[in-house]
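Let me begin by presenting the structure, written as structure tokens, before commenting on it.
The values are calculated or read from the model by the stated rules, or taken from the named source; none is laboratory data. Predicted model only: the values in this text are computed from it and were never measured. Don't worry about glycine lacking a Cβ; one is built from the backbone with ideal geometry, like all the others, and counts go over all protein chains shown.
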């Protein structure tokens, strides 16, 4: 894959991973429309995830630091929050390990991704519905598990991980800003797990310094753009316009589906 293709995918990852519009869906559509060949892009995917992790750690550094200090001091609220984060990771992690090959086979279908973008759009529109219950300040263990189950949907390309988990938490009574924070912090254990299982691939790049430099640049691009995307996301939250992402996803999904179907005909 050329540097131009890597740059495009890193840019898409940085934007779409932190906006609720499905990075996996946009990656597939980019490869389909722009003829960007992902090829043997496992190293690229690994470094893009590393960039995502850096963005989360930097953007939410105060929350993470406060949580860490709370855990060390034995704060019950901190331990409860940390446990709910881990509990929310379990369903998607277990499902991926159990059905890895079948789920990865889905990543080849751009038409499926386009259709699921429409589904993501419908989910996001729910954020315009006024809360039907009193706002809660923290999720219970059962509620965290339900959010984790919603995250399982995102194993299908085109369904936004952040979108599904944010809306699930919102539907349970969690305010949108807190739901956004919980959604991205819940992604940290999953990213760490993915990097741990593939750490050998990172070390192998030591023998290929040129590729390592390119991958590192992709990581930096994804992390930088991701940080800016999070800034934009919170600005949009302040304007109560989160639901507009749903309109975007539906439009892109419909247009992409039509384009792919016409090409097949």
**Request:** Go through 122, 111 for me and flag whichever is assigned to a helix (DSSP H, G or I), over 26 Å from residue 194 (Cα atoms) and more than 18 Å from the chain's Cα centre (by Cα).
**Result:** 111
**Item:** Output for the range 138-149, where each listed residue is free of Cβ contacts under 8 Å to residues at least 12 places away in the same chain and under 17 Å from residue 177 (Cα atoms)
**Value:** none
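Quick grid of which residues meet (1) within 19 Å of residue 121 (Cα to Cα); (2) within 21 Å of the chain's Cα centre (by Cα):
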site	(1), (2)
220	no, yes
225	no, yes
241	yes, yes
247	yes, yes
254	yes, no
263	no, no
**Prompt:** With respect to the numbered conditions (1) buried (at least 17 other Cβ atoms within 10 Å of the Cβ); (2) on the phi < 0 side of the Ramachandran plot; (3) not in a helix (DSSP H, G or I), which one is the sole condition not fulfilled by residue 230?
**Reply:** (3)
**Prompt:** Given the residues 84, 52, which is the only one that is modelled with pLDDT of 95 or more, outside any loop (DSSP other than H, G, I, E, B) and buried (at least 20 other Cβ atoms within 10 Å of the Cβ)?
**Reply:** 84
**Item:** Number of the exception - residue 30 against (1) within 19 Å of residue 194 (Cα to Cα); (2) in a helix (DSSP H, G or I); (3) at pLDDT below 90
**Value:** (1)
**Request:** Scan (1) surrounded by fewer than 19 Cβ atoms within 10 Å (Cβ to Cβ); (2) in contact (Cβ under 8 Å) with a residue 12 or more places away in the chain; (3) out of contact with any helix residue (DSSP H, G or I) (no Cβ under 6 Å at 6 or more places or on another chain); (4) in a helix (DSSP H, G or I) for the single condition residue 116 breaks and write down its number.
**Result:** (1)
**Item:** Candidate set from the range 64-81 (those that are surrounded by 15 or more Cβ atoms within 10 Å (Cβ to Cβ) and within 30 Å of residue 221 (Cβ to Cβ)); member that is nearest to the chain's Cα centre (by Cα)
**Value:** 64
**Asked** Is there a residue being touching a helix residue (DSSP H, G or I) at 6+ places or on another chain (Cβ under 9 Å), within 30 Å of residue 235 (Cβ to Cβ) and modelled with pLDDT under 95 anywhere in the range 90-97?
**Response** yes
